Amino acid sequence: MTNASITSWVERIRAGEVRAMARAISAIEDGTSESVELLKALFPFSGKAHVIGITGAPGAGKSTLVDYLAREYRKQEPPRTVGIVAVDPTSPYTGGAILGDRIRMQAHYADTGIYIRSMATRGFLGGLARTTADVTTALDASGKDLVLIETVGVGQDEVDIVRLADCTIVMLVPGMGDDVQSIKAGIMEIADIFVINKSDRDGADRVEKEIRAMQSLAARADDWTPGIVRTVASEGKGVPELAAAIAAFYAYLEQRGLRLKRKEENWRERLIEMLREALLRRVMREKLGEARIAEYAAEIAAHRRDPYTLVDDIVREFGQ
């Protein structure tokens, strides 16, 4: 694809053309060669959107909350534009997303200020798809004020969102095992805001008390104490309060000069991941290939070679 074609594509994305954005995201997900050139061209326009991650166990009501939160931002004056990335489990049969954007948040389809995209994890762990960060960059560059990322809901290990989002919301639900025993590892530590959804159920007070008890035992480097917001997302209750809590967190980051620092930390992790993927692709393309990998695997399985020496040899040969 020529530079002129890329430039034209970027202009159409920046102008809000839905088809141009859909094509861009498909190219990014498929890892086409043109997607790299497109991302290079889009990146200078990114960095302005507020990226908000919503994570929590399956069934916590993440999709419903994202739906109503988008509505809340569209009601503000002036209305704020929103990009939504919904990361869904991968179908074992088609490789696509089990829940597509065609069946979620359908009330927004007439609203040109909202763009919704479902992404399949395609086996990628950590709650996000491999290309979620690049899709977020594209939505950011398109001029969206906010990008809401709904993670797949894999539980305690779902912490990758913190390396992408400016603000991470952890959703808990009374009566679903979201107590200290199930939430103490990892996922509790990434929350900038806690949401107790379905808070009209019995047990909401207990969940809030347990969160506050855990907060008293842990200190954050930024000295922020995550707020706790109760919602009944299916009725839109508590959503304005959540939007206010998100605004308060952003104000805190700006006041302390922490937003840029957080982005620097996130990019450090992302750069390492990008380098890892790029180097692996190059090693596979130039030095190995599937046939040689299969041959090495057979030799290792039969104990004719040890994997540690083999990896050292491959890295040494590649470095030369």
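The values are calculated or read from the model by the stated rules, or taken from the named source; none is laboratory data. Owing to the predicted nature of the structure, the values given are computational and were not obtained by experimental measurement. Note that each Cβ is placed from the backbone with ideal geometry, even for glycine, and that neighbours are counted across all protein chains shown.
Brief remarks on what is shown
- When every residue of the range 117-134 is checked against the conditions, at least one turns out to be touching a strand residue (DSSP E or B) at 6+ places or on another chain (Cβ under 9 Å), at pLDDT 60 or above and surrounded by 23 or more Cβ atoms within 10 Å (Cβ to Cβ).
- Conditions (1) more than 19 Å from Thr136 (Cβ to Cβ); (2) in a helix (DSSP H, G or I); (3) of a type in the set (A, V, I, L, M); (4) assigned by TED's automatic domain parsing to the domain that holds Tyr250: number failed by Ala60: (2)
Each row is one residue, and each column tells you yes or no for (1) within 30 Å of Arg74 (Cα to Cα); (2) in the same structural domain as Cys167 (by TED's automatic domain parsing); (3) in contact with a helix residue (DSSP H, G or I) (Cβ under 7 Å, 6 or more places away or on another chain).
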position: Arg206; (1), (2), (3): no, yes, no
position: Glu210; (1), (2), (3): no, yes, yes
position: Thr225; (1), (2), (3): yes, yes, yes
position: Thr231; (1), (2), (3): yes, yes, yes
position: Ala247; (1), (2), (3): yes, yes, no
position: Tyr250; (1), (2), (3): yes, yes, no
position: Glu286; (1), (2), (3): no, no, no
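Yes or no, residue by residue, for (1) β-branched (Val, Ile, Thr); (2) within 30 Å of Leu260 (Cβ to Cβ):
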| position | (1), (2) |
| --- | --- |
| Lys198 | no, no |
| Gly203 | no, no |
| Lys209 | no, no |
| Asp223 | no, yes |
| Val239 | yes, yes |
| Leu242 | no, yes |
| Ala248 | no, yes |
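- Test: residue in the range 289-301 that is at pLDDT below 90, surrounded by 13 or more Cβ atoms within 10 Å (Cβ to Cβ) and over 29 Å from Asp160 (Cα atoms): no
- Glu317 part of a helix (DSSP H, G or I) and farther than 30 Å from Arg71 by Cβ: yes
- Criterion violated by Leu271 - all others in (1) modelled with pLDDT of 95 or more; (2) exposed (fewer than 15 other Cβ atoms within 10 Å of the Cβ) satisfied: (1)
- The conditions of being buried (at least 16 other Cβ atoms within 10 Å of the Cβ), modelled with pLDDT under 90 and assigned to a loop (DSSP other than H, G, I, E, B) are met by Asp178.
- When Arg304, Arg220, Arg276 are checked against the criterion of being of a type outside the set (S, T, N, Q) and over 23 Å from the mean Cα position of the chain (by Cα), Arg304 stands alone in meeting it.
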